[in-house]
1. Taking the chain, how many lysine pairs are there with alpha carbons less than 21 Å apart, if each pair must be eight or more places apart or span two chains?
2. Separation between the Phe23 and Ala64 pseudo-spin-labels, each 7 Å from Cα along Cα→Cβ, expressed in nm?
3. How large is the charge dipole for the chain, taken about the Cα centre, if only the Cβ atoms of Lys, Arg (+1) and Asp, Glu (-1) carry charge, to the nearest 20 debye?
4. By how many nm would the segment from Lys46 to Met74 lengthen if fully extended, with 0.36 nm per residue of separation less the alpha-carbon distance?
5. Under a plain spin-label model, where a point goes 7 Å from the Cα along Cα-to-Cβ, how far apart in nm are Glu37 and Ser88?
6. Using just the helices of the chain, give the 222 nm mean residue ellipticity in deg cm²/dmol: DSSP H runs with n ≥ 4 each add -39,500 (n - 2.57), and the total is spread over all residues, rounded to 500.
7. If you average the sequence gap of Cα pairs under 8 Å that are 6 or more apart and divide by the length of the chain, what percent do you get for the contact order?
8. Which of Arg79, Arg58, Arg39 moves the most in a Gaussian network model of the chain with Cα springs under 10 Å?
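Please treat every number below as a calculation from the coordinates, not as lab data. Predicted model only: the values in this text are computed from it and were never measured. Cβ placement follows ideal geometry from the backbone for every residue including glycine, while neighbour counts extend to all protein chains displayed.
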Amino acid sequence: MKKRKMSQAWKNRIWNGSILAAFVAAMAVFVFLLQTEKRVLTEYEKEQVCVVTAAIPRGEKISAENAEQYITVMEIDKRIVPETALKSTEAEE
C-alpha cells in the first residue's frame, strides 16, 4: 500500500483544530471548577452575631458602657444563626 502525504495546509488545519479543542476543554474545566468552588463556599458563609460570654446578673441592664463585659461579637456558620439573633451591640430602635 502506498501512503499518502499530507499537505502542509491540512496539517495546519489539524493543528489549529487541536489547539481550539484544547482551549474549549480548558474553559469547560475552568467553569466547572468555579461553580464547584462557589457551591462549596456558600456552605461555609459566616455571619456576625452577639454571644453572651459571661453570666449576666439577674436584674442587670445591658447598656453601651457595660455591654463589652458580657457580650462578644463572633462569626459563626450562617446556617445555624436564628432570625432573632442580635447582629450587633448597637441599640435597636
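1. Within the chain, the lysine pair count is 8.
2. Computed distance between label sites Phe23 and Ala64 equals 6.0 nm.
3. The calculation lands at about 2100 debye.
4. Extra length available between Lys46 and Met74 comes to 9.1 nm.
5. Once both label points are built, they end up 3.1 nm from each other.
6. That comes out to -14500 deg cm²/dmol.
7. 29 percent
8. Maximum among the listed residues: Arg58.
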